[in-house]
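*Asks:* First, the structure itself, so that you have it in front of you.
Computed from the coordinates by the stated procedures, all read-outs in this text should not be read as laboratory data. This is a predicted model, so every value here is computed, not measured. Positions of Cβ are generated from backbone atoms using ideal geometry, with glycine treated the same way; all protein chains shown enter the neighbour counts.
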Amino acid sequence: MQNARTLFDKIWDRHVITQRDDGTALLYIDRNFIHEGPFYAFDGLRRDGRGIRRPLKQIAVTDHYVPTLDRARGIEAVRDPEARVVIERLAANTREFGIPFIGMNDPRQGIMHVVGAGLGLAQPGMIMTASDSHVTTNGAFGVFSFGVGASEVKHVFATQTLWQRKPGKLRVTIDGTLGPGVAAKDIILAIIAKLTISGGSGRVVEYTGSTIRGMTMEQRMTICNMSIELGARSGIIAPDDTTYAYLEGREFAPRGDAWGKALAAWRSLSSDADAVYDREVEFDAASIAPMVTWGTVPGDALPITGTVPAPSAAASEAQRAHILRALEYMGLEAGTRLADIAIDRVFIGTCTNGRLDDLRAAAAVAKGRRAVVPAFVVPGSGDVKRRAEAEGLDKIFIAAGFEWRDAGCSMCVGANGDIVPAGERCASTSPRNFENRQGRGARTHLVSPAMAAAAAVTGKLTDVRTLAGGVS
Amino acid sequence: MEAFVTVSGIAAPVDQPDINTDMLIPVRFLRKPLSSGYRNYLFFNQRFNADGTPKADFILNREPYSRAKILVTGANFGSGSTREGAIYALLDFGVRATIASRFGPFQMTNSYQNGLLPVVLPEDVVRHLSAQLHASPGAEITIDLPQQTVTGPDGQTYTFDIEPSRKEQLLNGLDDIGITSRYADEIAAFEKGMDAESPWLTGDALEPLVQK
């Protein structure tokens, strides 16, 4: 009898070059993305006198340090001299080593995970690495994708391989229909809240079920993106007709004969019916409400109808200490209704929620209303920005008092200087609400794009389902 | 990188769970050259006030912990991003090993790659070690990599697991690219097969994105 395998098993098996006695496997890497961060890897190559084995299997995208205003001025728009050095160094390093490059003046530029998918660079069955943990976004295409530090970037550069121990397997099944006003972001926040931020530790999460099958690629990317916030190695969704329809015709998707051959290979990529997982968890989509985080890890998420938890309600001493610390950092009191928390600022964008679907959802709420706090809208890529403008979304946002900016990572991590001032509270569509992440002393509440827009127009965390006048 | 064989030294109990890489080194320092001294950025927001003065109550600012070679930390140490600057900051501060019941997804690999030893011990053992360090500030821990043991201040010894290949790498201070190079023939043969079977993955289509 042939062993039943999961989708992930099949991809793994296909990429094992050799296996050591200690169980670690040498895996072949099909594509590796980098941003400005791992400049140490290029320095290391030069120091060791090594070259890049397959330059065309790498791709560099400038995303973390680019300004989101004044982009017509090119590099002159970068005010911080050290940031400018880092941006220019990526261009120089990729030129020297012959790596494909999408720099800040390329119309395709944006966040690597948004750019890559948009260009058709995430293809089912591949193994993809990146110098960024949110590369798991690409799991939506049936890609096994995981982040690597600068040393492993260097290893991929030199050998196109990595030594890996095979992770375990967690299946998360989501069935049913989402309620109105409930988004993919709410599902993944509900999953993280239930499983905790280390619930996926050492495992690859496969998302299945009727809710997932009914989702667009953009929604699936939001789900897979935040797999890393479960502490998981990666997240993955089996490819289907939705995937193929999304990919067909994209700039770097296979074409002509190659398309037919690729499609045939991709269609064999699903988990066998009797494949075994190390753990299985099920969710009912209909029971999920719009979510918001109150604390300092993504697992600190609750339905917007809830209240800030009390330390006394904690299940363990460690959790009690965490709640105490988080409440102090966030400036919140136990028992406060989440929908009563006033906010100072809104940020819509990122690799979690910076795609066209996300901007449409936010615009539907913003339309005909007025932001009462500063609100940034930062498209995930130049392409997303142009498509949004073609639909008139920019005009809706601008009319509603939102700032319409250029593509990049922006206020998710503030590397480019787009930061939340100390003590301010930001409703953000980003993936992480860690202490000081959006700026020193910044207080982050993770929400969906529609919920972020609702917060912008009311000035407080707001249940988008109850917004007076409804949503267009 | 520096080889790791046996390390004895002052251990600091940093008990907070879920210490993430944003805490270990805020993003604004990742644009700095290594020569600027990444030790200065370690735990920056917890170690320093907004005006740059040290926070006297932060453990690594207090004697003797400012000379810690080993950190005994809360669970899920180094969660969050892939940023290797977190490892550079720990090493530059003088830390050679971290002990926790669980590490974040990238922390162990990034540590091994740079000669920083991550040791996984059971939660109760980590708590026991931490309690001794609180009771006797400056107490030392010894880590013997060949024997795969941790010896606490009370003399009690615990064994830990490590993959033989990682152990070899650390003991010899090896660059793992050198180890992988031994498999050059296997890689070349595999790659040839992959290029033939899945020609759409060769990356050739990306040639126009290379700067001329």
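*Asks:* In Å and from the alpha-carbon atoms only, list the Rg and Dmax of the protein assembly as shown.
*Replies:* Expressed in Å, the Cα Rg and Dmax of the protein assembly as shown come to 24.0, 71.
*Asks:* Moving to a separate point now. Cα centroids of region B:83-157 and region A:44-94: how far apart, whole angstrom?
*Replies:* Answer, in whole Å: 35.
*Asks:* Suppose a student asked you for the relative contact order of region A:294-466, using Cα pairs under 8 Å spaced at least 6 residues apart; what percent would you report?
*Replies:* Value for region A:294-466: 27 percent.
*Asks:* Measuring from centroid to centroid over Cα atoms, what is the spacing of region A:432-472 and region A:161-189 in Å?
*Replies:* 22
*Asks:* Shifting gears a bit: Name the aspartates and glutamates eligible as straight-distance cross-link partners of A:Lys261: C-alpha to C-alpha under 19 Å, and not fewer than 8 places from it in the same chain.
*Replies:* A:Asp30, A:Asp240, A:Asp241, A:Glu248, A:Glu251, B:Glu191, B:Asp195, B:Glu197, B:Asp204
*Asks:* Once you put a point 7 Å from the Cα of B:Asp195 and another 7 Å from the Cα of B:Glu207, both along the Cβ direction, what distance in nm separates them?
*Replies:* Label at B:Asp195, label at B:Glu207, 1.3 nm between them.
*Asks:* If I take R0 = 22 Å and measure r between the Cβ atoms of A:Asp106 and A:Arg84 in this structure, what FRET efficiency does the formula 1/(1 + (r/R0)^6) give, to the nearest 0.05?
*Replies:* The formula returns an efficiency of 0.80 here.
*Asks:* When a/c reaches 1.5 or more, the comparison of a/b and b/c decides; with that in mind, is region A:1-93 rounded, prolate or oblate per its Cα gyration tensor? Write down the numbers at each step before the final one.
*Replies:* Values: a/c = 3.75, a/b = 2.12, b/c = 1.77.
Judged from the Cα gyration tensor, region A:1-93 comes out prolate (a/c at least 1.5, a/b above b/c).
*Asks:* If you don't mind, another one. So what is the calculated 222 nm ellipticity per residue for chain A, using -39500 (n - 2.57) for each DSSP H run with n of 4 or more, over all residues, to the nearest 500 deg cm²/dmol?
*Replies:* Calculated mean residue ellipticity at 222 nm is -9000 deg cm²/dmol.
*Asks:* By a straight-distance test (C-alpha under 20 Å), which lysines pair with A:Lys169 as possible cross-link partners, with residues fewer than eight away in the same chain excluded?
*Replies:* A:Lys10, A:Lys194
*Asks:* Moving on. What list do you get for B:Ser198, B:Ser66 if you sort them by fewest beta carbons within 10 Å?
*Replies:* B:Ser66, B:Ser198
*Asks:* Moving on. With the cut-off at 26 Å, tell me which of the pairs A:Lys154/B:Lys212; A:Lys166/B:Lys167; B:Lys167/B:Lys192 have Cα atoms farther apart than that.
*Replies:* From the list (A:Lys154/B:Lys212; A:Lys166/B:Lys167; B:Lys167/B:Lys192), the Cα-Cα distance tops 26 Å for B:Lys167/B:Lys192.
*Asks:* Continuing with the same structure: A:Lys385: which lysines have alpha carbons under 19 Å from its alpha carbon, excluding same-chain residues fewer than 8 sequence positions away?
*Replies:* Filter leaves A:Lys367, A:Lys395.
*Asks:* Let me spell out the model: positive unit charges on the Cβ of Lys and Arg, negative unit charges on the Cβ of Asp and Glu, origin at the Cα centre of the protein assembly as shown. What dipole size does that give, in debye rounded to 20?
*Replies:* Its charge dipole is roughly 1120 debye.
*Asks:* Compute the FRET efficiency between A:Thr307 and A:Ser287 as 1/(1 + (r/R0)^6), taking r as their Cβ-Cβ distance and R0 = 22 Å, and round to the nearest 0.05.
*Replies:* Here the calculated transfer efficiency is 0.75.
*Asks:* Please work out the C-alpha center-to-center distance from region A:307-354 to region A:203-263 and express it in whole Å.
*Replies:* Each part reduced to its Cα centre gives a spacing of 32 Å.
*Asks:* Quick one: among B:Ser130, B:Ser181, B:Ser79, which has the greatest mean-square fluctuation in a GNM of chain B with alpha-carbon springs under 10 angstrom?
*Replies:* B:Ser181
*Asks:* Specify the longest stretch of chain A that does not include any exposed loop site, a site being one of the GluC sites (Glu not before Pro) with a non-H, G, I, E, B DSSP assignment and at most 15 other Cβ atoms within 10 Å.
*Replies:* The longest uninterrupted stretch comes out as A:1-247.
*Asks:* Which shape class applies to chain B: rounded if a/c is under 1.5, otherwise prolate when a/b exceeds b/c and oblate if not, where a ≥ b ≥ c are the square roots of the Cα gyration tensor eigenvalues?
*Replies:* Oblate is the answer for chain B, as a/c is 1.5 or above yet b/c matches or exceeds a/b.
*Asks:* Provide the percentage of antiparallel DSSP beta bridges, counting only those with both residues in the protein assembly as shown; round to the nearest 5.
*Replies:* Values: 27 of 79 bridges.
Restricted to the protein assembly as shown, the bridges split so that about 35 percent are antiparallel.
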